[in-house]
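All remarks here apply to the structure that follows.
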Amino acid sequence: MNLYSTLKELCLAHSISGREAQIRNILAEKIAPYTDTVETDPLGNLIACKKGRTGDKRMMLCAHMDEIGFIVNFIEDNGLLRVAPIGGINFVASAFTKMVSESGVVGVLVPNAGVKAADYSPDKMFIDIGASTKAQAERRVRLGDAFMGAPELYKLGGKRVAGRPIDDRVGCLVLLAIAEKLAKEEIDSDVYYVFSVQEEVGCRGSKTASYKIAPTESICVDVTGTGDLPGASPMACALGKGAAIKIKDSSVICHEEVVKALDELAKQNKIPAQKEILLYGGTDTSSMQMVGAGSMAGAVSVPTRYIHSGVESCDMGDVEATIDLIAAYLLARG
Ligand SMILES: [Zn+2]
């Protein structure tokens, strides 16, 4: 598959946490040719499985398909929409940007006049959809409608791309590409490709999916921050330096055998790789590690700049390395 055009297609779907149907339908269609079963669980997770030769072990890969956004919680008499945040919104990055609703209503997210950037918060911001009265707004928007930052993806220099929501459509892309790459390979283990819901509001979908699958080994694919920008916290992770093998974040300490195996496979196969130690934030990795009797969990991250803004940026070379590394892992240990 063409990685850039597939990533763009995935980014252009709308799917805030709890409303993932649109992206789920696209992913279900794309992964079906490479797997034996594709199902949606009660929470909305998409779970595809390629049966192994023996099925003695279950390898679970997981990437979340939801994105951060806003839900309309009040409509002012003058037609402006008040919104509640879904997920970890960066209000400064979100101010003065274009928003799009699930039904295609376009608006702009703006702070109240005179509010300083440091004081931006949901109760001091609104979405202007061009309505002059409450009745006009209500003809196009209802309470509970979801708005997302306008989706887009474009090329910067070299292999760099920018747009949103790269978090975590790039992880979904990695899973699709691995499924395609391994479609004709004979592996002993059952391999599960899980596209989880509601990660951005607390890794909810991955908990039930992990419980159902009870993986023996698991690898999460998500974005991670970098330390290669002015003012960044010290972090030995940079764009363009390869797949980031997670050692820890604030919710997980990855299994040392998984970390070691990923590290060795990167060296053996000459796949560009680096280490990730993230001081803040967590991913679906912790759900897979701790649900039920637990699994040997690790994660390979795609280094990404400006996470949760409209200009998230990553390097497609790192994406290729992430695909190659996890595929090598499944072939070696699956
Ligand atoms: Zn994410």
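Some points to look at:
- Among the residues making up the range 288-299, those that are away from the ligand (no atom under 13 Å from the Cβ) and either assigned to a helix (DSSP H, G or I) or within 21 Å of CYS237 (Cα to Cα) (or both) are MET288, GLN289, MET290, ALA297, GLY298.
- Flag if SER121 is of a type in the set (Gly, Ala, Ser), open to solvent by less than 40 Å² (accessible area, probe 1.4 Å) and over 22 Å from the mean Cα position of the chain (by Cα): yes
- Checking VAL92, VAL108, VAL100, VAL83 one by one, the residue that is in a strand (DSSP E or B) and open to solvent by 60 Å² or more (accessible area, probe 1.4 Å) is VAL108 and no other.
- Evaluation of GLU186 against the conditions (1) in the same structural domain as GLU312 (by TED's automatic domain parsing); (2) touching a Gly at 6+ places or on another chain (Cβ under 6 Å); (3) open to solvent by 30 Å² or more (accessible area, probe 1.4 Å) shows that the sole unmet condition is (2).
- Lone unmet requirement of (1) buried (at least 17 other Cβ atoms within 10 Å of the Cβ); (2) more than 16 Å from the ligand (Cβ to nearest atom) for TYR211: (1)
- Residue check, ARG164 under 23 Å from GLY225 (Cβ atoms), crowded, with 22+ Cβ neighbours inside 10 Å and charged (D, E, K, R): yes
- In the range 300-329, of all residues being part of a helix (DSSP H, G or I), away from the ligand (no atom under 16 Å from the Cβ) and not aliphatic (A, V, I, L, M), the one that is farthest from the chain's Cα centre (by Cα) corresponds to TYR329.
- Some residue of the range 172-182 being more than 16 Å from the ligand (Cβ to nearest atom), open to solvent by 40 Å² or more (accessible area, probe 1.4 Å) and not polar (S, T, N, Q): yes
- Taking the range 189-204 as the range and being more than 16 Å from the ligand (Cβ to nearest atom) and open to solvent by 20 Å² or more (accessible area, probe 1.4 Å) as the test, only TYR192 passes.
- Flag for ASN78 being open to solvent by 70 Å² or more (accessible area, probe 1.4 Å) and in contact with a strand residue (DSSP E or B) (Cβ under 8 Å, 6 or more places away or on another chain): no
- Restricted to strands (runs of 3 or more DSSP E) entirely inside the range 1-69, those with at least 3 residues that are open to solvent by less than 50 Å² (accessible area, probe 1.4 Å) and touching a residue at least 60 places away in the same chain (Cβ under 8 Å) are 46-50, 58-64.
- Residues (of a type in the set (D, E, K, R) and more than 16 Å from the ligand (Cβ to nearest atom)) located in the range 149-171: GLU152, LYS155, LYS159, ARG160
The values are calculated or read from the model by the stated rules, or taken from the named source; none is laboratory data. Model, not experiment: these values are computed from the prediction. FYI the Cβ positions are ideal-geometry reconstructions off the backbone, even for glycines, and counts take in every protein chain you see. For the accessible areas, the whole protein counts, side chains as well, though only heavy atoms, and no ligand, DNA or RNA atoms are used. Shrake-Rupley method; radii C 1.70, N 1.55, O 1.52, S 1.80 Å.
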